[in-house]
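Visitor: Okay, handing you the structure first.
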Amino acid sequence: MALIVQKYGGTSVGSPERILNVARRVIETQAQGHRVVVVVSAMSGVTDNLIKLARDVSSAPCEREMDVLLATGEQTTIALTAMAIAGLGKKAISLTGAQAGIVTSETHTKAKISTIAPERVLEALAEDNIVVIAGFQGETADGSITTLGRGGSDLTAIAIAAAIQADLCQIFTDVDGVYTCDPRIVPSATKIQEISYDEMLEMASSGSKVMQSRSVEFAKKFGVIFEVRSSFNYNPGTIVKEETVSMEAVVVRGVSIEKNQAKVTITHVPDHPGRAARLFTTLASSGVIIDMIVQNVSVAGSTDISFTLSKDELPKAQAALAPVVLEVGASGLHAQDGIAKLSIVGIGMRSHSGVAAKLFESLGAGGINIQMISTSEIKTAVIIEESRIVEAANLVHEAFHLSKQGEH
Ligand code: ADP
Ligand code: ASP
Ligand code: MG
């Protein structure tokens, strides 16, 4: 008898019929002799609608109240799922994040889990219940409701699996697993059988939103092996775990894309210590999140510094930097949106050469101009024109023969 955590995402619980489908699947798992904890998301579209409602009543909604509002999405699903299970004749109990013992930091709308006290979950399991927990939420030590950032139900599932020492953690979604690229972007993408935490983390944080990146970080830290699979069929999914030696044989595991990016260039920054620090401290204190940073080699005592960020953050960044650009002695600031990022990820990059060259070659052959490049040990990323990102993803996917990867 195993202890299993199953997480069902928004699409999987997107209608009464789908909630009933989840209820049946959970009951099947229990019938195989297992104890089951179910983590559910809000029904698809609900969180977005709640955010829209908040913005309809206030241009800058208070984050504490935002969390009270957003948590209702998952609370609806736990009640409906528990009712559906009970309606099919099995014992079930719903628990909010707080009732499941999830205590978080006070950073509303993107709180971090600090501790989990799962006694109530374990007691409910001992009483033969299927325990249905609200994803994406917790509470602060003094009892305020918090949420864990978009896609945060993945984190709830992995954290609960760690806390109750589950034997298996399954993330059920609307795709069969983690693919070599988002199958909606690259139709020939193939399912990856096994992927390392580091690769999944890089893919998730560079646009493959099939898993929330913080949940993967948590899984790596606590050694939670999990499987991503579909709630609409019984195909085996993708196992995410610590890397094995054989994983290095594949040079590129996957391609990620991220749209809605923007680029800022500060020209002729004097080549003196502290100037870059001044610019980026200003951005940090305004809460602007930066992605890539590129600085040129200094020519004639000055250099250009460029960075990328989400398009939504651009107005905030421009407003923060406007007074500082002149103060540091730079000549100007140029901002541009309409760009996107394409990343290739694979632990095999550590031991193979020519990977970046092949990436650039495939884009060049397609007449796609590269505006910026950044590399890390297991990732190479480029910034290109947004209107060509889908074409680029398909070209690069083909260049690295990823449509065949699943056959290995
Ligand atoms: P859920 O609501 O179940 O959490 P998400 O919408 O968050 O589901 O994640 C599933 C979606 O992630 C898929 O429908 C797919 O379009 C997208 N996706 C992005 N990159 C990938 C990838 N590399 N492999 C599989 N799916 C991906
Ligand atoms: N409902 C939340 C969201 O849409 C959390 C989740 O689905 O994981 O971001
Ligand atoms: Mg998700």
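The values are calculated or read from the model by the stated rules, or taken from the named source; none is laboratory data. Note that the structure is predicted; figures quoted are calculated from it, not measured. Reconstructed Cβ throughout: ideal geometry from the backbone, glycine too, with neighbour counts over all protein chains shown. Areas reflect the complete protein model, heavy atoms only, side chains present, ligands, DNA and RNA absent. Shrake-Rupley method; radii C 1.70, N 1.55, O 1.52, S 1.80 Å.
Visitor: By how many degrees, between 0 and 90 and to the nearest 10, does the Cα long axis of helix 355-365 differ from the longest principal axis of the chain?
Guide: Between helix and principal axis, roughly 70 degrees.
Visitor: Further question on the same structure: Angle between the Cα long axis of helix 16-31 and the longest principal axis of the chain, 0 to 90 degrees, nearest 10?
Guide: 70
Visitor: Can you give the calculated 222 nm mean residue ellipticity of the chain, where each DSSP H run of n ≥ 4 adds -39,500 (n - 2.57) and the sum is split over every residue, rounded to the nearest 500 deg cm²/dmol?
Guide: Result for the chain, helices only: -10500 deg cm²/dmol.
Visitor: Classify segment 67-127: rounded, prolate or oblate, from the alpha-carbon gyration tensor (a ≥ b ≥ c, eigenvalue square roots; a/c under 1.5 rounded; otherwise prolate if a/b is larger than b/c)?
Guide: Oblate shape, in that a/c is at least 1.5 and b/c is the bigger or equal ratio.
Visitor: Which percent, nearest 5, of DSSP beta bridges in the chain are antiparallel?
Guide: Bridges in the chain that DSSP calls antiparallel: roughly 60 percent.
Visitor: What figure, in Å² to the nearest 10, do you get for the accessible area of Ser114 with a 1.4 Å probe and non-protein molecules left out?
Guide: It works out to around 70 Å².
Visitor: Also: Near Lys358, which aspartates and glutamates are there with a Cα under 17 Å away, not counting those fewer than 8 places off in the same chain?
Guide: Once the sequence-local aspartates and glutamates are set aside, what remains near Lys358 is Glu377, Glu391, Glu398.
Visitor: May I pose another question? Would you kindly derive the ³J(HN,Hα) couplings of segment 189-199 from the backbone phi angles with the Karplus curve 6.51 cos²θ - 1.76 cosθ + 1.60 (θ = phi - 60°), listing them in order in whole Hz, with x for Gly and Pro?
Guide: Values, residue by residue: 4, 10, 6, 8, 6, 9, 9, 7, 3, 5, 5 Hz.
Visitor: Then there's this: Can you give the angle from 0 to 90° between the axis of helix 46-57 and the longest principal axis of the chain, with both taken from C-alpha atoms, to the nearest 10?
Guide: 60
Visitor: For Glu194, which sequence-distant residues (separation of 5 or more, or a different chain) have an amide H within less than 5 Å of its own amide H, given hydrogens modelled in the peptide plane?
Guide: Placed amide hydrogens put Ile239 under 5 Å from Glu194.
Visitor: Take the cross-link list Lys209/Lys316; Lys52/Lys341; Lys110/Lys263; Lys263/Lys311; Lys191/Lys259 and give me the ones stretching past 18 Å between alpha-carbons.
Guide: In this structure, Lys209/Lys316; Lys52/Lys341; Lys110/Lys263; Lys191/Lys259 lie more than 18 Å apart at Cα.
Visitor: Sorted by accessible area (1.4 Å probe), largest first, how do Glu386, Glu74, Glu217 line up?
Guide: Greatest to least solvent exposure: Glu217, Glu386, Glu74.
Visitor: Moving to a separate point now. Quick check on the chain: what are the equivalent-ellipsoid semi-axes from the Cα gyration tensor, as sqrt(5λ), descending, whole Å?
Guide: 40, 27, 18
Visitor: Would you mind pulling out the separation of the Cα centroids of segment 298-353 and segment 1-50, in Å?
Guide: Their Cα centres are 42 Å away from one another.
Visitor: Within segment 160-248, what percent of beta bridges assigned by DSSP are antiparallel, to the nearest 5?
Guide: Taking every DSSP beta bridge with both residues in segment 160-248, the antiparallel ones total about 35 percent.
Visitor: Another one. Give, rounded to the nearest 20 debye, the magnitude of the charge dipole that the chain has about its Cα centre when Lys and Arg contribute +1 at Cβ and Asp and Glu contribute -1 at Cβ.
Guide: Roughly 240 debye, rounded to the nearest 20.
Visitor: Of all alpha-carbon pairs in segment 90-238, indicate the percentage at a distance above 21 angstrom.
Guide: 45
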